[in-house]
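The values are calculated or read from the model by the stated rules, or taken from the named source; none is laboratory data. None of these values were measured; they are calculated from a predicted model. When we count neighbours, we look across all protein chains shown, and the Cβ atoms used for this are built from the backbone with ideal geometry, even at glycine. Remember, those area values only see protein heavy atoms, side chains included, never the ligands or the DNA or RNA. Shrake-Rupley method; radii C 1.70, N 1.55, O 1.52, S 1.80 Å.
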Amino acid sequence: FSALTSFSEDMRARGRNPRSEWLKRASGTVTPEESLTLRSSPGTPVYRFNRLRFADEAPMSVEYATIVAACLPALDAVESSLYDAGLLVERLGFLQDGRAIEFSQSYYRGDTYDFVAELGTSR
């Protein structure tokens, strides 16, 4: 994983034709597990998106995504791409001795930003 790309970008880069089929689009509130993962309070409104992902008409994956509702104007704001709706970038900074000292969250418009992540190993 040298770059963060969407499923569609990955498949096109491999010369395959991607498509998605919606299984479910619903609103609700966070589950206890989602509350911990998303660092949100119990009862936080969310949107859930479940879809089948295909490449050249072959099923490739089933995707279950949960988005905090405050990050989207409405459930139907997501048409074909979750990333067109918005991107959340989280950063956790550490000292050389391993202590975490900084945490930040940035929300970006998905229609105007591309992100590339360079991953490396620690020395």
Where the second residue is among the aliphatic types (A, V, I, L, M) and modelled with pLDDT of 75 or more and the first is under 15 Å from Arg53 (Cα atoms) and lies in the range 2-13, which pairs have Cβ atoms under 7 Å and are six or more apart or on separate chains?
Met11/Ala55
Reported set for the range 50-73 where residues are open to solvent by less than 40 Å² (accessible area, probe 1.4 Å), under 15 Å from the mean Cα position of the chain (by Cα), more than 21 Å from Glu90 (Cα to Cα) and not charged (D, E, K, R) is Asn50
Neighbours by Cβ (under 6 Å, 6+ apart or cross-chain): first from the range 19-41, within 15 Å of Arg53 (Cα to Cα); second polar (S, T, N, Q) and open to solvent by less than 80 Å² (accessible area, probe 1.4 Å):
Leu23/Asn50; Lys24/Asn50
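Residues are listed down the side, and each one gets a yes or a no for (1) more than 20 Å from Asp10 (Cβ to Cβ); (2) of a type in the set (S, T, N, Q):
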| site | (1), (2) |
| --- | --- |
| Leu38 | yes, no |
| Thr44 | yes, yes |
| Phe49 | no, no |
| Arg53 | no, no |
| Ser61 | no, yes |
| Val68 | yes, no |
| Pro73 | yes, no |
Whichever residue in the range 1-45 is within 21 Å of Glu57 (Cβ to Cβ) and among the aromatic types (Phe, Trp, Tyr) and, among such residues, is surrounded by the most Cβ atoms within 10 Å (Cβ to Cβ):
Phe7
